[in-house]
1. On the given criteria, is Ala217 part of a strand (DSSP E or B) and of a type outside the set (Val, Ile, Thr)?
2. For the list (1) in contact with a Ser or Thr (Cβ under 7 Å, 6 or more places away or on another chain); (2) closer than 19 Å to Asn170 by Cα; (3) open to solvent by less than 40 Å² (accessible area, probe 1.4 Å), I need the number of the one condition that Ile138 fails.
3. Find the residue count for segment 113-134, including only residues that are within 30 Å of the chain's Cα centre (by Cα) and open to solvent by less than 80 Å² (accessible area, probe 1.4 Å).
4. Quick check, is Leu162 within 18 Å of Gly275 (Cα to Cα) and in contact with a Pro (Cβ under 7 Å, 6 or more places away or on another chain)?
5. Find all pairs meeting these conditions: Cβ atoms under 8 angstrom apart; at least six residues apart or on different chains; first residue within segment 101-117 and under 18 Å from Ala134 (Cβ atoms); second residue charged (D, E, K, R) and assigned to a loop (DSSP other than H, G, I, E, B).
6. With the structure loaded, tell me whether Pro221 is under 17 Å from Ile259 (Cβ atoms), open to solvent by 30 Å² or more (accessible area, probe 1.4 Å) and at pLDDT 95 or above or whether it fails that test.
7. If you check every pair at least six apart or on different chains, which have Cβ atoms under 7 Å apart with a residue in segment 72-85 that is among the charged types (D, E, K, R) first and a residue that is assigned to a loop (DSSP other than H, G, I, E, B) second?
8. Checking the conditions here, which among Phe179, Phe165 is aromatic (Phe, Trp, Tyr), outside any helix (DSSP H, G or I) and under 24 Å from the mean Cα position of the chain (by Cα)?
Amino acid sequence: MIKKGLSMIIISYILSWACFAISSPFFNSHSQIAQSKDCNNYERKKDIIILDPQCILDKTLPELSLQDKVDAVGKRIKKIKNIYNPNKSFITYKESTITLKGKNLYPLDSAFRNIMLNLKKNHEKAEIPIEAFAPYVIDSLAIYATDKDISMLLPCTKQNYLLAFENLDNKTIKPGEQFNFNKYLIYLYGYCAGETEGELLFYWGVCWVASQIFRTALMMPNMTIPVRRNHWERFSVYYGDKIQWDDAAVFETSKKLIIENTSDTDIIMKTFQEGNKTYLMFITEKKAVENKRVEIKKEYPNPYKVILYKSIYKKEKKQNQWSYFFSSMLPFLFKSDSYDIKLLNEQEFVSKYIGINNENR
């Protein structure tokens with residue numbers, strides 16, 4: 001009986017000492033050092049993300065900036081679907097869909113896990129290629145894309161097209177900022193003048209890029225188009241025989257294309273090319289377009305005139321004053337699935353043509 005009582009006293013003493021040690025500042029600080037990690041504090045060096053290897057081991061990935069997310073996804077693009085469609089008289093646009101290529105980071109294989117463990121043991125940082133983060137950030141992005149077949153463009157036209165197109169990659173439009181495509185074109189070098197007489201600010205071929213910018217801006221709910229002009233002639237080789245509404249013409253400073261970011265989040269342009277098909281993407285944070293959609297409607301007053309209407313809608317939960325008051329107190333009794341559809345903005349674009357041109361340039 002005495003031995004049992006003594007044993008209980010010893011056990012109680014050990015437990016009390018352990019509790020004291022764990023709660024003491026010395027023990028606690030050392031424990032935190034062993035467990036601490038700051039996974040949102042990362043560094044980017046070219047195409048490498050540098051961070052604590054424990055973040056990789058725990059799958060606690062950093063919150064990448066919008067630019068880093070865009071670059072990560074841009075390196076893994078395999079296929080783009082749900083893109084701009086020029087052949088519909090009425091269509092609703094939400095977002096494009098990106099299929100990624102390559103192997104995913106998770107589940108970690110044993111060799112890679114051992115590398116991370118050794119880095120952690122030696123108090124060293126992990127260097128991870130930025131594209132490895134693509135599958136884990138893509139769902140936080142809203143992507144809108146248009147395509148173009150450039151196989152029929154003649155060499156001089158293709159050179160000017162690609163000059164303008166490729167230089168759009170990673171162009172950022174800030175919240176409330178207007179992007180003037182004409183001003184952008186003036187500062188590019190490497191145009192092919194071809195048979196053009198006299199010197200121009202930019203040359204034939206860039207209008208095909210202007211048309212892609214116009215179309216992509218039409219799809220986005222947080223973008224408006226303050227200034228846009230169409231061609232006088234419909235170039236059937238590039239746009240088809242049926243007159244649509246999908247082109248934008250730019251010439252010197254007389255024919256302009258200006259688009260505007262109406263949201264409070266950056267919009268980043270990204271380019272992608274696969275063979276003779278190019279894709280222009282406008283990318284932003286998904287939260288910036290949440291519950292928003294764009295409806296495009298076309299009217300054809302005559303064979304050479306098209307009127308396009310872009311309508312931007314947002315779905316909002318419907319709640320009257322009383323239900324809002326009581327739902328804040330007893331939310332489980334006042335669940336409402338009814339919504340209002342609010343018209344946020346509407347634009348009209350009129351395209352008038354003098355005829356169809358079958359010339360290949």
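1. no
2. (1)
3. 8
4. no
5. Pairs that qualify, where the first residue is under 18 Å from Ala134 (Cβ atoms) and the partner is charged (D, E, K, R) and assigned to a loop (DSSP other than H, G, I, E, B), are Lys101/Arg76; Gly102/Arg76; Tyr106/Lys59.
6. no
7. Taking only residues 6 or more apart or on different chains, the pairs are Arg76/Lys101; Arg76/Gly102; Lys78/Lys101; Lys81/Ser96.
8. Phe179
The values are calculated or read from the model by the stated rules, or taken from the named source; none is laboratory data. Keep in mind that this is a model prediction, so the values were computed, not measured. So basically every Cβ, Gly included, is an ideal-geometry build from the backbone, and we count neighbours across all protein chains shown. Heads up: the accessible areas ignore ligands, DNA and RNA and are worked out on the full protein's heavy atoms, side chains in. Shrake-Rupley method; radii C 1.70, N 1.55, O 1.52, S 1.80 Å.
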